[in-house]
Amino acid sequence: MFQEVGTTEMGDLIINVGPQHPSTHGVLHLVITLNGETVKKVEPHLGYIHRSIEKMCESLTYRQFIYVTSRMDYLSSHINNHACALIVEKGLQIEVPQRAQYIRVLLDELTRIASHQLWWGAMAMDVGAITPFFHAFREREVINDIMEQTCGARLTMNFMVPGGCMYDIHPDFVKSVKDFMAFFRSKLSEYDEMVTNNPIFQARMKDVGVISKENAISYGCSGPVARAAGVVCDVRKLSPYDVYSQVNFEEALETEGDCFARYKVRMKEMNESMRIIDQLIDNIPEGDFQAKTKAVLKLPKGDYYTNVETARGDFGVYIVSEGATTPYRIKFHSPGFCNLSALDHMTRGSKIGDLVAIMGSLDLVIPDIDR
Amino acid sequence: MLTTLTELTIVGILILTLFAVLGLVLVFMERKVSAYMQIRLGPNRVGYKGIAQTLADTIKLVVKEGLTPNGADKFLFNLAPFIVMFGAMLLMAPIPFARNSQIWDLNIGVLYITAVSSISVIGILMAGWSSNNKYSLLGAMRSGAQIVSYELSAGLAIISIVVLTGSLKISEIIASQETGWWIFRGHIPVLISFVIFIIAVTAETNRAPFDMAEAESELTAGFHTEYSGMRFALFFLAEYVNIFIVCAIGATLFLGGWMPFHIGNWAGFNHLMDFIPSSIWFFGKTFFLIFVIMWFRWTFPRLRIDQLLNLEWKYLLPIGMFNLLLMTIIAIMGWYF
């Protein structure tokens with residue numbers, strides 16, 4: 001299956017980019033066919049970080065399997081956990097207290113901002129600007145501190161459990177989040193000054209990696225990649241979960257479908273996330289942070305599906321239950337996998353530099369694709 | 001004969017020392033500048049405020065094994081870093097570091113600089129080709145296309161000063177700026193040449209936003225991917241010394257070199273300015289330009305190869321040519337100050 005390093009009969013150069021390469025953001029292996037500087041074909045090879053998470057989940061109970069999912073899309077671990085908690089709640093018809101719903105959505109949105117910040121830094125780095133990466137991490141660090149305060153962890157939170165949250169929020173949570181919002185608002189304009197309005201950056205991003213609305217749908221793209229092509233696909237809007245139905249926010253949409261449109265969608269999403277946090281942070285209701293649940297959870301026989309909107313797109317969980325304490329079969333639908341499948345379509349005919357920019361704009365997290 | 005040989009040897013050793021010191025200073029400066037732009041501290045452990053950091057790095061690079069990859073053309077692979085280094089060293093000769101301190105004031109100084117500065121591209125192509133690595137090859141081809149293109153613009157920018165001065169000799173170019181630096185006296189065409197010069201030399205030295213030859217996110221490390229140890233250090237050193245040299249040339253041609261800040265015939269003011277040693281003027285101007293080039297690197301994204309060549313052939317070169325024409329008219333009519 002793996003092509004030999006060499007040239008094709010046409011005299012095109014075949015290069016293995018990755019699994020160890022600075023721009024693949026992990027252990028992704030791309031076999032690219034080059035004609036000079038022009039990319040003719042891109043073939044992703046997966047499996048370097050496959051940990052068979054789905055199979056592992058099948059031998060863990062409904063309380064335990066949530067912890068494994070933090071390791072998939074580690075940049076939106078809260079949201080992964082949220083999806084798993086939701087599906088168990090749906091199966092057992094657990095009523096989640098309002099307070100827990102508020103906390104979950106707040107943490108989800110903070111996670112989304114943190115994930116987009118990291119993407120912003122990495123995106124700028126992919127097109128050659130190194131400094132923004134450090135600026136992005138300065139802001140992300142504050143979110144990580146907030147997470148650490150409340151969840152005790154900075155990356156793999158494991159905070160959401162069936163029926164609510166594991167603990168109550170830290171007494172300082174509201175204050176730290178408000179401080180962060182004020183701090184981040186003052187920095188977002190710097191982001192625009194340094195990167196968005198830079199003519200070189202715009203020249204690198206505009207009309208690069210274009211995908212049409214029809215193709216975005218047929219490749220199954222979701223999240224900012226699809227929304228940049230004009231596909232309405234925000235799960236938070238289409239099938240609201242927890243308190244998303246009560247907050248006001250707009251779905252960030254663009255129509256161009258190029259890298260710059262994806263960039264703009266994510267920048268808008270950060271603003272929308274801040275809007276959601278603003279609406280919720282002052283109104284966290286008093287009450288329980290967790291519903292009373294049985295000690296041993298058993299999903300009734302049948303199959304269940306829930307999807308949520310992670311920072312990368314539509315994340316779905318499918319469980320087939322035989323009525324036991326562990327799922328009979330579990331399947332995750334990860335947004336990164338579908339977005340990666342469109343890479344070849346977007347890249348054909350562009351330059352090597354564009355390939356890197358397109359990969360950056362897809363915001364791939366490889367453990368999410370491989371699982 | 002023997003005395004000449006001794007003199008040449010001593011001068012050679014001094015130049016080599018200067019070379020090494022410049023490398024150390026510039027690498028340290030780059031790390032500190034980038035650190036302050038990236039809200040971190042930079043090296044601050046080895047020596048006082050980290051000034052011995054580059055020395056420690058050099059020792060590490062010297063004792064490190066220099067690998068030669070399988071299938072590499074060993075002769076060219078080992079030769080390439082020396083050619084790049086050699087090109088940088090040769091360029092040291094006509095640069096005046098202070099009043100009356102120039103190693104070789106040859107009468108075609110400017111021509112010599114433009115000619116010798118294109119030697120390094122041979123070394124880069126050699127390194128890329130002989131490494132037997134596709135990333136290196138791509139980096140070298142990019143570098144070749146880029147340096148050859150941007151040399152034209154740099155050359156045209158330099159010629160506009162030659163037109164004003166009427167001489168190719170470096171010492172005469174500096175002497176002609178006694179009543180004020182060309183950048184202030186030469187109207188808008190000199191300003192345009194100066195901007196074109198800075199853009200072109202940034203590209204010629206393979207610095208961001210034109211670091212296509214290295215482009216770490218695309219080509220891992222470009223033409224020097226396979227180099228390690230001291231041979232890598234030679235490329236590294238040559239890069240920084242090249243930056244120093246192009247900035248020194250820019251300072252000499254446009255900002256008066258060691259010439260203090262003079263205004264026309266204000267004798268008193270000029271004497272006051274002469275009080276500051278000429279070497280301080282020279283290094284001050286050069287390091288200012290170096291800072292500007294470092295500033296580019298740490299704030300700009302990288303251009304794509306086709307955009308890079310478009311910029312040169314569609315914008316810089318036509319503007320440069322028209323500008324040279326304008327400059328010639330101004331010089332003939334004596335419309336400059």
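Find out how many positive minus negative residues lie around A:Cys233, taking Lys and Arg as positive, Asp and Glu as negative, among other residues whose Cβ is under 10 Å from that of A:Cys233.
Details: positive: A:Arg227, A:Lys237; negative: A:Asp234, A:Glu251, A:Glu309, A:Asp314.
My count for the surroundings of A:Cys233 gives -2.
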Problem - Amide H contacts under 5 Å for B:Trp181, placed H, 5+ residues apart - result: B:His262
Completion exercise
Quick calc, segment B:128-212, dipole around Cα centre from Cβ unit charges on Lys, Arg (+) and Asp, Glu (-), nearest 20 debye, gives 200 debye
Exercise for the section: Using the Karplus curve 6.51 cos²θ - 1.76 cosθ + 1.60 with θ = phi - 60°, work out ³J(HN,Hα) for each residue of segment A:139-145 in order, rounded to whole Hz, and write x for Gly and Pro. Expected result: 6, 5, 4, 5, 5, 4, 5
Practice task
Return the distance in nm (one decimal) between the two label points of a simple spin-label model at A:Phe137 and A:Gln20, each offset 7 Å from Cα along Cα→Cβ.
Solution key: 2.0 nm
Exercise for the section: Take every Cα pair under 8 Å in chain A that's 6+ residues apart, average their separations, divide by the length, and report that relative contact order as a whole percent. Expected result: 25 percent
Handout entry: Sparse-neighbour loop sites [GluC sites (Glu not before Pro); segment A:49-158; at most 11 other C-beta within 10 Å; DSSP]
Key = A:Glu95
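Rounded if a/c is under 1.5, else prolate if a/b is larger than b/c, else oblate: which is chain A, with a ≥ b ≥ c the root eigenvalues of its Cα gyration tensor? Write down the numbers at each step before the final one.
Working: a/c = 2.07, a/b = 1.37, b/c = 1.51.
Judged from the Cα gyration tensor, chain A comes out oblate (a/c at least 1.5, b/c at or above a/b).
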Exercise for the section: Have a look at B:Val292, B:Val27, B:Val110 and tell me which one the Gaussian network model of chain B (Cα, springs below 10 Å) gives the largest fluctuation. Expected result: B:Val292
Handout entry: Peptide B:302-311 - average C-beta neighbours from other chains (10 Å radius)
Key = 5
Problem - Label-to-label distance, nm, for residues given as B:Ile10 and B:Lys64 (7 Å Cα→Cβ offset) - result: 3.7 nm
Exercise for the section: Could you point to the residue in B:Leu41, B:Val21, B:Val63 farthest towards the positive end of segment B:1-63's charge dipole, with +1 and -1 charges on the Cβ of Lys/Arg and Asp/Glu respectively? Expected result: B:Leu41
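Need the full-extension length gain, B:Ile276 to B:Asn100, defined as separation in residues times 0.36 nm minus the C-alpha distance. One decimal, nm.
Numbers: separation 176, 0.36 × 176 = 63.36 nm, distance 1.53 nm.
Extra length from B:Ile276 to B:Asn100 when fully extended: 61.8 nm.
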Fill in the blank from the handout: For the protein assembly as shown, the Kirkwood Rh over every pair of distinct alpha carbons, in Å, works out to 28.5 Å
Fill in the blank from the handout: Honestly segment B:209-337 on the Cα gyration tensor test (a ≥ b ≥ c root eigenvalues; a/c under 1.5 rounded, otherwise a/b vs b/c for prolate or oblate) is just oblate
Handout entry: For segment A:236-371, projected area of the alpha-carbon convex hull averaged over all directions, nm²
Key = 11.3 nm²
Handout entry: Estimated inter-spin distance, B:Ala267 and B:Ile319, nm [label 7 Å along Cα→Cβ]
Key = 4.3 nm
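In percent, how large is the relative contact order of chain B, given Cα pairs closer than 8 Å and 6 or more residues apart? Write out the running numbers ahead of the final one.
Numbers: 493 pairs, mean separation 75.9, N = 337.
Once normalised by length, the contact order is 23 percent.
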Problem - Under 5 Å, built H, 5+ apart or other chain: amide partners of A:Val161 - result: A:Met166
Completion exercise
Among A:Thr196, A:Thr24, A:Tyr74, the residue whose Cα sits farthest towards the positive end of the charge dipole of chain A, when +1 is placed on the Cβ of each Lys and Arg and -1 on the Cβ of each Asp and Glu, is A:Tyr74
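Using the Kirkwood radius over C-alpha pairs as Rh, can you work out the diffusion coefficient of chain B via Stokes-Einstein at 10 °C, viscosity 1.306 mPa s, in µm² per second?
Values: Rh = 21.0 Å.
D = 76 µm²/s.
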Completion exercise
Everything considered on the Cα gyration tensor (a ≥ b ≥ c; rounded for a/c under 1.5, else prolate if a/b is larger than b/c, else oblate), segment A:201-270 must be described as oblate
Completion exercise
Taking only the alpha-carbon positions of segment B:186-232 as identical scatterers, the Debye log10 I(q)/I(0) at q = 0.21, 0.22 Å⁻¹ comes out as -0.74, -0.77
Practice task
Arrange the following residues from fewest to most other Cβ atoms within 10 Å of their Cβ: B:Asp57, B:Asp306, A:Asp192, B:Asp211.
Solution key: A:Asp192, B:Asp306, B:Asp57, B:Asp211
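Every number here is computed from the coordinates shown, using simple stated rules; none is lab data. Quantities reported herein were computed from a predicted structural model and do not represent experimental measurements. Cβ coordinates were reconstructed from backbone atoms using ideal geometry, including for glycine residues, and neighbour counts include every protein chain displayed.
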